[in-house]
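**Student:** Attaching a single structure in structure tokens format; questions to follow.
The numbers here are math on the coordinates, done by the rules we state, and not lab data. Just so it is clear, the model here is predicted, and its values are computed rather than measured. Glycine also receives a Cβ, built like all others from the backbone with ideal geometry; neighbour counts cover every protein chain displayed.
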Amino acid sequence: MLKSKTPYFGLRGGWLTFWITLACGADMTLYGYDQGVFSGVVISQDFLQLHNLEGPSKTSLLGTVTAIYDVGCFLGSICAYWLGERLGRRKTVLVGTTVMAIGAVLQASSCSVGQMMTGRVIAGIGNGLNTSTAPIWQVETSNVHWRGKLVILENVLVLVGFSLANWLNYGLSFASGPVSWRFPLSFQFIFIIVLAFTVPWLPESPRWLIAHGQEETAVQIIADLENKATNDPFVQFQTSEIQYSVKYERENSVKFSDILRGRAHERSGTKTIRRLILGMGAQTMQQFSGINVSSYYLPTVLTKSVGMSESLARLLTACNSVQYLCFSMIGIPNVERWGRRALLMFGATGQCLCYIFITALIRYNEMPGYSHQHEVASASVAFFFLYYVFFGIGMQGVPWLYPTEINSLTMRTKGAALGAATNWIFNFMVVEITPIGIQNLGWRFYAIWIALNAAMVPVIYVFYPETAGRTLEDMDEYYRGNPPLFVCFDREAISRKRPERYQIRDEHVIRAKEGDVIELAQHVENATAVTA
């Protein structure tokens with residue numbers, strides 16, 4: 001942190017939150033860019049020839065080269081489980097950014113399959129560290145009314161990166177030679193530079209600081225973020241809430257070794273394992289929605305399954321990324337208004353319907369001698385586009401937000417890391433099997449995603465409590481009350497509004513704090529009068 005009388009260049013309140021959001025947003029934009037950039041690389045003839053990846057016999061190896069990035073992301077997320085809590089949010093993001101820079105250099109200069117795979121694994125490790133940490137940093141430094149919107153905004157920026165990668169791929173598809181794929185891979189450094197010049201000068205999470213005994217610094221940061229004095233009743237109330245949660249979790253925490261051995265009892269009263277499973281489940285559902293069937297391979301899907309030319313497939317992929325970005329913005333104002341549960345169920349229902357039509361249409365497109373192949377192929381493209389509408393609104397952002405909200409303070413880093421690790425390992429699985437599935441199963445491959453999306457709706461409805469409108473400490477109190485497993489029967493648990501009992505509690509505590517401040521001020525005034 002910059003040592004000066006005016007830290008953070010004098011920024012306070014909304015402007016300080018803005019710059020934290022900019023840093024976290026640059027990180028998530030880089031993540032989105034990496035999700036999209038390789039879809040253009042894998043159909044570049046220069047890339048395929050140089051790395052000896054041409055032909056049907058190389059389909060499996062090409063899938064591995066693509067998917068190995070997700071293995072790196074998985075490893076990075078696991079590292080974040082331990083590293084993130086030791087270093088703090090800022091330093092972990094800086095470490096992840098440095099690792100990503102090394103991976104980007106190796107990929108952009110690659111001359112062999114071995115070098116490309118090494119670069120993708122290393123870049124993935126850095127991305128896994130960052131995507132496990134940045135959402136927590138954002139959540140722990142945000143006002144409760146803005147928390148959901150800002151994290152969803154970051155996930156919209158994922159799509160900005162994704163769209164940028166697709167348009168860059170399309171534009172460079174007209175170039176010949178290595179520039180068509182080396183330049184897009186080098187472009188990652190734009191975001192890496194932004195992170196390097198912003199993250200070191202921004203505040204650490206006050207919740208992490210309190211958990212590590214740096215309470216004086218934490219109180220000052222809370223005051224800076226809220227644009228209030230350190231003795232303001234609201235700042236004092238927030239500090240005491242965090243202190244209580246830290247103390248409670250330390251006294252009743254469950255060791256990870258006990259979780260692995262199945263020896264974690266619920267004596268803590270905070271339902272640690274249930275909350276971890278819910279966070280990991282949200283990330284699993286995002287991958288089982290089938291998004292990476294097309295985000296990594298949409299040009300491949302359009303050329304192999306639909307029968308389009310490579311140029312048209314690239315153009316449609318780029319156009320799709322723009323409408324994907326536009327519709328995902330609907331989630332920003334509505335993540336608090338509709339709630340997390342409603343957005344997830346809306347997304348899963350729409351995705352299921354889209355895959356029903358995609359499967360049926362591609363089946364007819366693959367039928368030999370069918371007279372309307374062109375028409376059904378064109379219709380299937382429309383439903384791929386519509387799929388991204390539902391995913392962008394409902395499933396894009398909430399799975400990254402939910403693990404940071406549902407887990408307790410001492411398990412938040414670990415829970416978010418395990419959630420991200422779950423996302424990445426299933427991401428790897430989907431990306432690995434997709435080219436083989438398209439080649440060997442044809443239209444039947446798309447039917448798998450119908451069943452998976454359909455199964456998500458009842459799971460969300462029955463098991464997932466609402467987190468919209470609640471403070472992070474509200475969720476701790478909710479789980480200390482020994483809530484039922486089936487939350488669908490608990491009206492308070494599924495309400496989109498903050499339960500009234502939490503509001504009443506806050507009002508009582510803040511009044512008490514205000515009374516303490518008034519009493520202290522009168523004491524000082526009396527003491528000053530006596531001295532005079």
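**Student:** Using +1 at the Cβ of each Lys and Arg and -1 at the Cβ of each Asp and Glu in the chain, identify which of GLY397, GLN188, PHE288 lies farthest towards the dipole's positive end.
**Tutor:** Most positive-ward Cα: PHE288.
**Student:** Treat every Asp and Glu Cβ in region 142-241 as -1 and every Lys and Arg Cβ as +1, leave all other atoms uncharged, and give the resulting dipole magnitude about the Cα centre to the nearest 20 debye.
**Tutor:** Roughly 560 debye, rounded to the nearest 20.
**Student:** Helix 113-140: angle to the longest alpha-carbon principal axis of the chain, degrees 0 to 90, nearest 10?
**Tutor:** In the chain, helix 113-140 runs at an angle near 30 degrees to the longest axis.
**Student:** Ok, one more. Amide H to amide H under 5 Å from THR467: which residues, 5+ apart in sequence or cross-chain, H placed 1.01 Å off N in plane?
**Tutor:** Long-range HN contacts for THR467: ARG340, ARG341.
**Student:** Most exposed first by the Cβ proxy, i.e. fewest other Cβ within 10 Å, how do TYR388, TYR502 rank? Mind dumping the intermediate values first?
**Tutor:** On the way: TYR388 24, TYR502 17.
Final ranking by Cβ density, sparse to dense: TYR502, TYR388.
**Student:** Taking the beta-carbon count within 10 Å as an exposure proxy, list CYS79, CYS73 from fewest neighbours to most.
**Tutor:** CYS79, CYS73
**Student:** How far is helix 144-172 tilted off the main Cα axis of the chain, in degrees rounded to 10, range 0 to 90?
**Tutor:** 30
**Student:** Report the number of Lys pairs in the chain whose alpha-carbons are under 18 Å apart, with separation of 8 or more residues or on distinct chains.
**Tutor:** Total qualifying Lys-Lys pairs in the chain comes to 12.
**Student:** Where does helix 373-390 land angle-wise versus the long Cα axis of the chain, in degrees 0 to 90, nearest 10?
**Tutor:** Helix 373-390 sits roughly 10 degrees off the main axis of the chain.
**Student:** Could you order the peptides 181-187, 223-229 from most to least packed, using the average number of other C-beta atoms within 10 Å per residue?
**Tutor:** Ranked from most to least packed, the peptides come out as 181-187, 223-229.
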